[in-house]
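Visitor: After the structure tokens below, expect a handful of questions from me.
The values are calculated or read from the model by the stated rules, or taken from the named source; none is laboratory data. Only a predicted model underlies this, so the values are computations on that prediction, with no experimental measurement involved. Cβ coordinates were reconstructed from backbone atoms using ideal geometry, including for glycine residues, and neighbour counts include every protein chain displayed. Only protein heavy atoms, including side chains, enter the accessible area calculation; ligands, DNA and RNA are left aside. Shrake-Rupley method; radii C 1.70, N 1.55, O 1.52, S 1.80 Å.
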Amino acid sequence: MRLLILSGILFFTSVAAADAPVEVADTIAERVKSCMLCHGDQDKTGLDAYYPRITGKPAGYLFNQLRNFRDGRRYYQPMAILLENLTDEYLQEMAEYFAAQPYNYPLPRPHALPSATVQEIQVLVDSGDATRDLPACSACHGADLMGVKPFIPGLLGLPSAYLAAQFGGWRNGGVMRGQVPNCMSEIARKLSQEEVNALALWLPAQAASGEPAEQDVLAPEMVERCQSIFSARRMTKP
Amino acid sequence: MSISISAKYIGRLQLVVLFIGWLFGILFPAVVWAKDTVETKQQRGAYLTRVANCAGCHTARGGQDFAGGRILNTPFGEFVVSNITPDAETGLGRWSEEDFWQALHHGKSKDGRYLYPVFPYTEYTRISRQDADAIFSYLRSVTPVRQINPEHKIHSPYDNQFLLFLWRTWYFKEGVYQPDSTKSQEWNRGAYLVEGLGHCNACHTARNVWGASKDDRPLGGEIVGSRWYAPSLVSVQQAGVGHWPIEEIVELLSTGINQHAVTSGPMATIVRQSLQYLTAEDQRAMAVYLKSLGEQDKDQQSKRKIPPMPEVVRQYLARGESIYEKHCQDCHGKSGQGAPGIYPPLAGNRAVTMNPPQNVIRSVLYGGYSPVTAGNPRPYGMPPYQHIIRDVEISQVISYIRNAWGNFGSLVSPDEIDQSRGSEH
């Protein structure tokens, strides 16, 4: 009888223990856990994976992308569904959280581009091409291509497949549909397919290091040209 | 004499003062009163527009408020939602109060055309004239947007006005909500909100092949143009709340989440756009009415006998269990207990065991955050698994959670996973 009572007590306590609510941290890290399945794991943000890293990117850039996904300006169904019912304030909190996270960039992945192509790419990156009204990549994305706070993303440490897909999206209007004029769409349309392919291989081969540059490095004419990128509402902190 | 003269003058002066006073008395309060009613009418209208969630359909994703342009895909064709801003050329700028009433109450456009019931005049017809006028007065006050939306692309023969006339004769019951004198004022207000302004039945009833509601009661149905299922608001096995305390119903409607349930898909959006802004009295009235709709039979769940499982089913579920342990257990717990109010419990969760199973399938495929509301400003979320695990694994894990911890639901197949895909909303 005593054994029966004891086992009874043990049974009920074990049920109670199993049924205790899962403990959940009251933090922003816990709240963005659902992003990490694709964007968080270092192994999944390697060079061949399609999901771009989001940690360490400028807050304003991330905030703009989150809003663009939610409002259908940048089209990607899984992100649109996920963000459907979130407010600007909450998206900004998420963006600031990810911007503040440290990130270990992947090692450069060597390319096998012919040296003539590499030279052409380097000219595009550092000087652009005035005959086609193409600005230098570095004019907006920073001298070392690590981005400019708070709105312009870096170009290094990104998978080749992702870069190629982004270029494709801009050229076909898929990345930022409805947001015109979009400077990057215009630029991507002026690049040849060969240049796009080469850039998508050359960029991942460059060593990524350091921080995004401060906003004051940008020339006023570039800010003017890319107005849509700088038009984030309620960006209080860079 | 002089006295009489001065008295005369004083008398005149008094008359003048009196006359001016009288003028003021008439004009001034009248001006104040008229201004006041227009403003309060607009304010009331703004509130009622929220409750009726006009912006929910009449605003495209990322588009300007009330300018329309959103496309609704239905089996009858592609409907483009109209611009209801007061722009003269492209919106309702030339409409009168009477025209608006025609549309809302009779389902007829300004030019006399019959409107397609994709515009829920079948429910809005219950709205009182006074409320309709207030909504119109608010819509007249919003910023006019000049936006020409594309034409509908309606499949033949549904584009025929005569067919629409027949449809109306057969299915459309016109009439303002009539209070039930045997019920409380609160219940009647709730019924008016649910059946009229809130147009809940537009989704929560099944539709027949002609797109008409099969039943007057919200017994659940597939949402036209969406892969979501709007559960029954009556059945204790679906979303009936007959056995819930009023406070818990109010909590779900106003914050999007409570201890038992979380709103997802289109319902989460409606909480964000509309329900969270209802006054506490209206939320409560809605809850009182919804509670009265729900079945009371609490024993129904326990009465069901769970049949013994064949070995092959047991194996199928065991594979689901190991997927659960890997991907779901961290948040939803070893025994499906979850973290109520944050990560919903799966044990005893009707959204998990419900038939048809597409809502739980869509939740696993697409994930989602519960809506940001004043009562839940920083919600937690669920990641999408559509590109993480294969359909067969999703079917196994869903079959498992539908049959674990005392849950009892049909097994789902990989085909059902695939059929639940598509459509953003």
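Visitor: Quick check on my filter: what residues within region B:113-169 are free of Cβ contacts under 8 Å to residues at least 12 places away in the same chain, part of a loop (DSSP other than H, G, I, E, B) and polar (S, T, N, Q)?
Guide: Correct list: B:Ser156, B:Asn160.
Visitor: Checking the condition in contact with a Gly (Cβ under 8 Å, 6 or more places away or on another chain) and either over 30 Å from B:Gln273 (Cα atoms) or outside any loop (DSSP other than H, G, I, E, B) (or both), which residue from A:Leu155, A:Leu113 passes?
Guide: Unique residue meeting the criteria: A:Leu155.
Visitor: Something else now. Taking only region B:362-382 into account, find how many residues are more than 10 Å from every other protein chain (Cβ to nearest Cβ) and either open to solvent by 50 Å² or more (accessible area, probe 1.4 Å) or under 22 Å from the mean Cα position of the chain (by Cα) (or both).
Guide: The total comes to 4.
Visitor: Exactly one of (1) over 23 Å from the mean Cα position of the chain (by Cα); (2) under 15 Å from B:Leu48 (Cα atoms) is unmet by B:Pro157. Its number?
Guide: The single condition B:Pro157 does not satisfy is (2).
Visitor: While we're on this one: In region A:85-124, how many residues are free of Cβ contacts under 8 Å to residues at least 40 places away in the same chain and open to solvent by less than 30 Å² (accessible area, probe 1.4 Å)?
Guide: The total comes to 5.
Visitor: I would also like to ask the following. List pairs: first residue in region B:329-343 and more than 7 Å from chain A (Cβ to nearest Cβ), second residue of a type in the set (S, T, N, Q) and outside any helix (DSSP H, G or I) anywhere in the structure, Cβ distance under 8 angstrom, at least six positions apart or on different chains.
Guide: B:Gly336/B:Asn349; B:Gly336/B:Asn407; B:Gly341/B:Asn258; B:Gly341/B:Gln259
Visitor: Could you say whether any residue in region B:309-317 is assigned to a loop (DSSP other than H, G, I, E, B), open to solvent by 40 Å² or more (accessible area, probe 1.4 Å), modelled with pLDDT under 95 and out of contact with any Phe, Trp or Tyr (no Cβ under 9 Å at 6 or more places or on another chain)?
Guide: Taking every residue of region B:309-317 in turn, at least one turns out to be assigned to a loop (DSSP other than H, G, I, E, B), open to solvent by 40 Å² or more (accessible area, probe 1.4 Å), modelled with pLDDT under 95 and out of contact with any Phe, Trp or Tyr (no Cβ under 9 Å at 6 or more places or on another chain).
Visitor: I've got another one for you. Of all residues in region B:41-79, count the ones that are in contact with a helix residue (DSSP H, G or I) (Cβ under 7 Å, 6 or more places away or on another chain) and assigned to a helix (DSSP H, G or I).
Guide: Of the residues in region B:41-79, 12 are in contact with a helix residue (DSSP H, G or I) (Cβ under 7 Å, 6 or more places away or on another chain) and assigned to a helix (DSSP H, G or I).
Visitor: Across region B:207-238, what is the number of residues that are open to solvent by 20 Å² or more (accessible area, probe 1.4 Å), touching a Lys or Arg at 6+ places or on another chain (Cβ under 7 Å) and over 25 Å from B:Val81 (Cβ atoms)?
Guide: Counting residues in region B:207-238 that are open to solvent by 20 Å² or more (accessible area, probe 1.4 Å), touching a Lys or Arg at 6+ places or on another chain (Cβ under 7 Å) and over 25 Å from B:Val81 (Cβ atoms) gives 2.
Visitor: Pick out, from region A:51-102, the helices (runs of 4 or more DSSP H) lying fully within it that include 3 or more residues that are within 13 Å of chain B (Cβ to nearest Cβ) and closer than 26 Å to A:Leu145 by Cβ.
Guide: Filter on region A:51-102 gives A:59-70, A:88-99.
Visitor: Would you call A:Ala198 free of Cβ contacts under 8 Å to residues at least 12 places away in the same chain, surrounded by fewer than 21 Cβ atoms within 10 Å (Cβ to Cβ) and assigned to a helix (DSSP H, G or I)?
Guide: no
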